[in-house]
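Asker: One structure follows; several queries about it will come next.
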There are 4 protein chains.
Amino acid sequence: MSSIKIPRHADHDYTYAAADERRQFIQNQTGADLSHTSQYSFDPAILPGNIENFTGVVQMPLGFAGPLLVNGEHASGDFYVPMATTEGTLVASYSRGMGLTRAAGGVKTTVVDDAMQRSPVFAFEDARGARDFALWVTENFAGIKAAAETTTSSGKLRNIEQYPASRMLYLRFNFTTGDAAGQNMCGKAAYTACQWIIANYQGQMSHYFLSGNMDTDKKHSQLNTLHSRGKRVIAEVTLPRALLLEKMRTTPEKMYAARRTSQLGGLMAGAVHNGVHTANGIASVFIATGQDEANVAESHASLVYAEITPAGDYYYSVTLPSLIVATYGGGTGLATQKECLQVMDCYGAGKVRKLAEIIAATILCGEVSLGAAVVSEEWVSSHDELGRNRP
Amino acid sequence: MSSIKIPRHADHDYTYAAADERRQFIQNQTGADLSHTSQYSFDPAILPGNIENFTGVVQMPLGFAGPLLVNGEHASGDFYVPMATTEGTLVASYSRGMGLTRAAGGVKTTVVDDAMQRSPVFAFEDARGARDFALWVTENFAGIKAAAETTTSSGKLRNIEQYPASRMLYLRFNFTTGDAAGQNMCGKAAYTACQWIIANYQGQMSHYFLSGNMDTDKKHSQLNTLHSRGKRVIAEVTLPRALLLEKMRTTPEKMYAARRTSQLGGLMAGAVHNGVHTANGIASVFIATGQDEANVAESHASLVYAEITPAGDYYYSVTLPSLIVATYGGGTGLATQKECLQVMDCYGAGKVRKLAEIIAATILCGEVSLGAAVVSEEWVSSHDELGRNRP
Amino acid sequence: MSSIKIPRHADHDYTYAAADERRQFIQNQTGADLSHTSQYSFDPAILPGNIENFTGVVQMPLGFAGPLLVNGEHASGDFYVPMATTEGTLVASYSRGMGLTRAAGGVKTTVVDDAMQRSPVFAFEDARGARDFALWVTENFAGIKAAAETTTSSGKLRNIEQYPASRMLYLRFNFTTGDAAGQNMCGKAAYTACQWIIANYQGQMSHYFLSGNMDTDKKHSQLNTLHSRGKRVIAEVTLPRALLLEKMRTTPEKMYAARRTSQLGGLMAGAVHNGVHTANGIASVFIATGQDEANVAESHASLVYAEITPAGDYYYSVTLPSLIVATYGGGTGLATQKECLQVMDCYGAGKVRKLAEIIAATILCGEVSLGAAVVSEEWVSSHDELGRNRP
Amino acid sequence: MSSIKIPRHADHDYTYAAADERRQFIQNQTGADLSHTSQYSFDPAILPGNIENFTGVVQMPLGFAGPLLVNGEHASGDFYVPMATTEGTLVASYSRGMGLTRAAGGVKTTVVDDAMQRSPVFAFEDARGARDFALWVTENFAGIKAAAETTTSSGKLRNIEQYPASRMLYLRFNFTTGDAAGQNMCGKAAYTACQWIIANYQGQMSHYFLSGNMDTDKKHSQLNTLHSRGKRVIAEVTLPRALLLEKMRTTPEKMYAARRTSQLGGLMAGAVHNGVHTANGIASVFIATGQDEANVAESHASLVYAEITPAGDYYYSVTLPSLIVATYGGGTGLATQKECLQVMDCYGAGKVRKLAEIIAATILCGEVSLGAAVVSEEWVSSHDELGRNRP
């Protein structure tokens, strides 16, 4: 059966040779040609921790949107935002929104929460056993925290939420994780904390699982919207009426009417958020900057709130309750991803909130851009023009 | 202000020169070095319809998982699945699950529904106006369908769902779209259908919007889970008890106990689906094969159903109710993406259900792999070993 | 152990004597005095089908709100609405809203859908078995319908929705049920239809359950909001600005601002509907008119849509997607409940849509009344005055 | 217009005479006969705070289910549970479940949380204003608490949750409320606390509303399921296999198979909880004991968790996360309602957790009873026999 097994090597797996061997193997097995995927500009030696069975690269087209004017506490000034996408009109639409908000004085951004989670669950003989344990956890927070933090220099256990149900107690550990996204850091720290708990808890306990799913890793949840996952960041802008008319050929009233109607549709459909197309911006910036691309599932959540001001202008805000981003670790250090981060001066230590602010501002620009396009009926025609490859 | 504007050209924007001009511009503006992103192996002339402001590429590491044994109606036999990711352990984990299901005889796959939507909304003086219109739409389906289909050769209007609320009628147009994902095809067809409706409806109507949000484009919704979006595809396997013990060092009972507990956690958290980490597989295959990466938001939905059979084996199934995929159009024709599709013989006409089946089988493998790892506590240690770059 | 068993008799259980025997029993067992609950004005002989172990009655205080001016298709003119409640301010608040809408010309009401469900589920060897069965169900609708309708003269099987997942097919049978709520009628009809299906389907089938929970009986669901359960009825009104100022000391702008803010709160909280306190009106009218009181869980769902009109007035609408009501059968024929229905000329055949319209109009009045009170800060003070017993 | 106005009197509105005057008025206006509703056994003078426009009573049939054996911390021993309903089979079904659990040794009950909420929202110039305020609220908790508690002797402000979105901060005040349900107590206390906040906060603030809807009063929400509303109470039982066979003619395996299938149906339908028919028990006990009947909307939420034990028995638990109950105030002191509470020795001070435990145990009995009936196909036949009035 060895002939069908993808070649792998214990000692030199992250080399040009190993990648090439795999490329040959796949080509032989399938008859496909991999001449483009085999062209990359970096040494595979940087890849351990990012991928297994490395064979080459996917070349995702990259465009820049901007300039985006951000008035943040961590990001301030004009930025060019890297977006990797294959969807025509996406970069153009975000750019259009950036032009609009720039003319309005820029997007104000604020990070209001910041934590990453792992949520073990503990089972007991009955609900009272779980309740006893809940009290113990509260009383022994210092010990649990100390145990968790032995595994990491940058992660700190901030607090533990408790959710009792049946004879289980679900815990939700909230960590601050510095400039990393931190899911694995949290997993390891929670694991060690759980070992400490098991060793020290004198009461009866049936069993435990490292995740009881209340971290809702890789999926959207109401809990994340309520209590945040990653960064909770808010972007705001007030768009002058005259500017909307001039640049977008629409009015606050028209835009708001469309929002109002579409919110009812979303409520009826059971849509998980009330934004327009946040996932577009999230996904393309995530790919460009080396974020975990699966986190689009969690990070696309948004709470949009808009109102027509007494002066007749259009206040628009986007709250991203679970934006999972990093400027260190994961894919952020890869060749092209690092360059994309550096374009925004967002690579490395002390930059993660800056990146969160830029992304939130970007998302807001995409929302107002598409929101305006829908009401001015430019939507279909711009896809006709720019989206040639999109049947 | 021209100095801050990203260079763009009406006539030769998709050229090496234009891309290079933009690269220089971004480098000048930001001081960043873009030497890696500027290395790509294809002619930018293929890019119109996929991106604007093209400047270079992001090199996403690509690994293959497999062989995956699929017993589908469109996909049959062994496949090597391209996964583009920066998350360590992902390819290894899916590969492990593929090995397990292959030893169990392969994954059975079935496509049970297939449609893409656009959902215009029409407003009236009152709810009765909307109700009158609803009857008219039913009676005039043939006319609406004919109008919609003037815009496309491959899209067919299959049926129209109706959702009345307040003085509006929300319609949900279901199209079959051949081998394309079809969002834009549907948008254009729906637009033309709406123009026909407006021209032909004699009753009173206040206004309409091309989307009332009940297509829930780029976001998860319960409606999609109920009525599908893209492909609804089901993957099934029965894992022999002995095999689980041998390969995963666990039992059906242990795996099911973890599922049961985690389902309660997910219900309490308001998680939108009851799978484990579907988004990981969806995102990495989507990027590798040129799918719209933002559709991870919709496509990560899943309905997992497992049971211990009377014989003591483990039946496991994953239903993906809104898998949005294409084998033609969009990013599928790009250099590396096309190669990745060709590895599975999934590029071009008549291949989209085959791709859907392979992806569903892949997702199932990832679910059982992580599900087993969690209970055998290998989870943390495998991340320790393979996830070096993941703080 | 017979001493602790509540007395029951096969042949004369619904008599004064049997009720009194039970009362004595409970008094003896518990030492409680049941002198009030033993006072009722009707013959227990009417109770079979409504309760077991009948011992007496709970006297729910009854007030009338109104006059309520309804401009419906089935209900037209002024109505006095019976509300049974123990919550101070409730009747007063609804009455206040009725006064307001009456001054505005009355509430327009429209029934747009009408069906009751039972949802059996069928399981197969695999998803393809379920898909085969789905086709068979579509082709054999006439036979299924005929079988179902042998059990009832008033229930008609309108259509069957199909929801495939894993190796199951969930069906949702939609019946029209005349003037009855019809849950049991549907249960019996579906049961007989399922027996016919099992007898006639030649394909492989593992097992079936009469309910696969997609009727979501006695609980709220998104599916009900989408596809209705019971009546889908819409109430609308346009409140003149001057009237709001005069009667409620508020403006459309203030009311809308509160709604906008509270909608965001509800979205963040994962609230299942965007109304204010629909459950208050639903519950009190349900109890007064002999509806199944547990259906408050399903029927309290609402879709509120409001807008400030170009003229500056306040358009307000309430869509009740799952209002489960009857004017015949169940508790509607009991002594006091029948009287309450007769006050609105809503007892018996051909009245159920009239009742649905009156309830929808009532709910709307309660929503605008509390909505206005909240912004004019009368809320707390009116509870202080009218809610003395409500700590 | 006075002829159409329901008579009301400032000084003697809660008298036999005033009630009779209204009865005559309604009869004259509508031609209906109200001879049954006018028969009640108590003096209307007790009604202020419970109803306005009092005209008579609705006589809800009352039956007792039991004996119910509860092994609680507040409720211990056998109870007869008063249920007011018009739905045939309800009392019989709950009684059957009580017989089953009694034979299994009784239902263990545990109260794990207890709080009532009011959730004001404060708006600011921007998100940073809201964030500043959030810090201030944390720092000034003592002052806020002191202000809130000036309004009530039994209500205590336990903690304040904070939810930032856009330029608003939503607060969720958690109060303990003694033996009252406490919604109004919380409203008044929160109002006074907000006045104190406004008087003392030096920062900029735009406006506030007493409810931003995150108390989700009178509607189900995920937030309530997570953080409780009223009592969070858990009922547990282990049903021996032999007992299930003997009494219910079914097995743990059959019951679990139905649950597993119905859970998938509920997930697909977007059902808000995974119980069977909790609303039946909640509603009927609520009406019997003078609880706010509209709270069925919130209180019907449940988290059911069941498993087959290694010994082959059936562990079954129901977690009620938002059970809103009182043994004092509201409708609890009314004539029949008080008697019903006294049957369980649950009227007045120090009894509310006891009542919560009895209700939770009752709900569990109804769940296992219907759960067993569904699989043994007795469901349809028992409705046929007992549900004669239920078309």
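Nothing in this text is a laboratory measurement; each read-out follows from the coordinates by a stated rule. Just so it is clear, the model here is predicted, and its values are computed rather than measured. Cβ atoms come from the backbone with ideal geometry, glycine included; neighbour counts cover every protein chain shown.
Asker: When the helix-only estimate is applied to chain A (DSSP H runs of n ≥ 4, each -39,500 (n - 2.57), divided by the residue count), what is the mean residue ellipticity at 222 nm, nearest 500 deg cm²/dmol?
Answerer: Calculated mean residue ellipticity at 222 nm is -12000 deg cm²/dmol.
Asker: Amide H of D:Val112 versus every other amide H placed in the peptide plane: which residues, excluding those fewer than 5 positions away on the same chain, fall under 5 Å?
Answerer: Residues meeting the criterion, in which the H sits 1.01 Å from N, are D:Arg232, D:Val233, D:Ile234.
Asker: Taking H as built 1.01 Å from N, whose amide H comes closer than 5 Å to the amide H of D:Ser206, not counting residues under 5 places away?
Answerer: Under 5 Å from the amide H of D:Ser206: D:Ala123, D:Phe124, D:Glu125.
Asker: I've got another one for you. With a 10 Å cut-off between alpha carbons and a GNM built on chain B, which of B:Ala142, B:Ala283, B:Ala269 moves the most?
Answerer: Comparing B:Ala142, B:Ala283, B:Ala269 in a Gaussian network model of chain B, the most mobile one is B:Ala269.
Asker: Give the long-range amide H neighbours of C:Gly275: residues separated by 5 or more places, or on another chain, with amide H under 5 Å away, using H modelled in the peptide plane at 1.01 Å from N.
Answerer: Amide H neighbours of C:Gly275: C:Ser302, C:Val304.
Asker: Suppose a student asked you for the relative contact order of region B:120-209, using Cα pairs under 8 Å spaced at least 6 residues apart; what percent would you report?
Answerer: Relative contact order of region B:120-209: 43 percent.
Asker: Once you keep just the Cα pairs under 8 angstrom separated by 6 or more residues, what percentage relative contact order results for region B:11-59?
Answerer: 49
Asker: Using only the Cα atoms of chain D, what are the Rg and Dmax in Å?
Answerer: 23.7, 74
Asker: Still on this model: For peptide A:205-213, what's the mean number of Cβ atoms from other chains within 10 Å of each residue's Cβ? Don't skip to the end; give the middle numbers.
Answerer: On the way: counts 0, 0, 5, 1, 9, 6, 8, 9, 14.
So the per-residue partner count for this stretch is 6.
Asker: Here's something else I'd like to know. I need two numbers for region A:11-59: Rg to one decimal and Dmax as a whole number, Cα atoms only, in Å.
Answerer: Values for region A:11-59 (Cα only, Rg and Dmax): 10.5, 30 Å.
Asker: Restricting to the protein assembly as shown, what percent of DSSP beta bridges are antiparallel, rounded to 5?
Answerer: Details: 210 of 218 bridges.
Here the share of antiparallel DSSP bridges comes out near 95 percent.
Asker: Tell me, for the rotation carrying B onto C, which chain B residue has the beta-carbon closest to the axis and what that distance is in whole Å.
Answerer: Looking at chain B's Cβ atoms against the axis toward C, the nearest is B:Gln222, 2.
Asker: Taking the Cα-to-Cβ direction at A:Trp136 and at C:Asp11 and moving 7 Å from each Cα, how far apart do the two end points lie in nm?
Answerer: 6.2
Asker: Averaged across D:324-336, how many Cβ atoms of other chains sit within 10 Å of each residue's Cβ atom?
Answerer: Mean inter-chain Cβ contacts per residue within 10 Å come to 4.
Asker: Here is a follow-up. Relative to the other copies, what are the label-point distances for B:Ser41, with labels 7 Å from Cα along the C-beta vector, expressed in nm at one decimal and sorted shortest first?
Answerer: Computed spacing set for this position: 1.5, 8.9, 8.9 nm.
Asker: Under DSSP H, which helices of chain D have Cα atoms covering 24 Å or more of the helix axis and a Kyte-Doolittle average no less than 0.0? Working shown, then result.
Answerer: Values: long enough: D:183-200 (25 Å, 0.11); D:252-269 (25 Å, -0.46); D:352-375 (35 Å, 1.48).
Membrane-span-like by this criterion, though nothing is claimed about a membrane: D:183-200, D:352-375.
Asker: Give me D:Ile46, C:Ile160 ranked fewest to most by other Cβ atoms within 10 Å of their Cβ, as a rough exposure proxy.
Answerer: If I rank by nearby Cβ atoms, fewest first, I get D:Ile46, C:Ile160.
Asker: Past the 18 Å Cα-Cα mark, which pairs from A:Lys5/B:Lys338; C:Lys156/C:Lys188; D:Lys108/D:Lys219; A:Lys145/A:Lys188; A:Lys218/B:Lys219; C:Lys219/D:Lys219?
Answerer: Details: A:Lys5/B:Lys338 23 Å; C:Lys156/C:Lys188 12 Å; D:Lys108/D:Lys219 28 Å; A:Lys145/A:Lys188 13 Å; A:Lys218/B:Lys219 14 Å; C:Lys219/D:Lys219 12 Å.
A:Lys5/B:Lys338; D:Lys108/D:Lys219, as the Cα separations exceed 18 Å there.
Asker: So for chain C, averaging the separation of alpha carbon pairs under 8 Å that are six or more residues apart and normalising by length, what relative contact order in percent results?
Answerer: 21
Asker: Can I ask one more? Suppose every K and R has +1 on its Cβ and every D and E has -1 on its Cβ; what is the size of the dipole of the protein assembly as shown about the Cα centre, in Debye to the nearest 20?
Answerer: Here the protein assembly as shown has a charge dipole of around 0 debye.
Asker: Mind checking region C:99-154 for GluC sites (Glu not before Pro) that DSSP puts in a loop (not H, G, I, E or B) and that have at most 14 other Cβ atoms within 10 Å?
Answerer: C:Glu125
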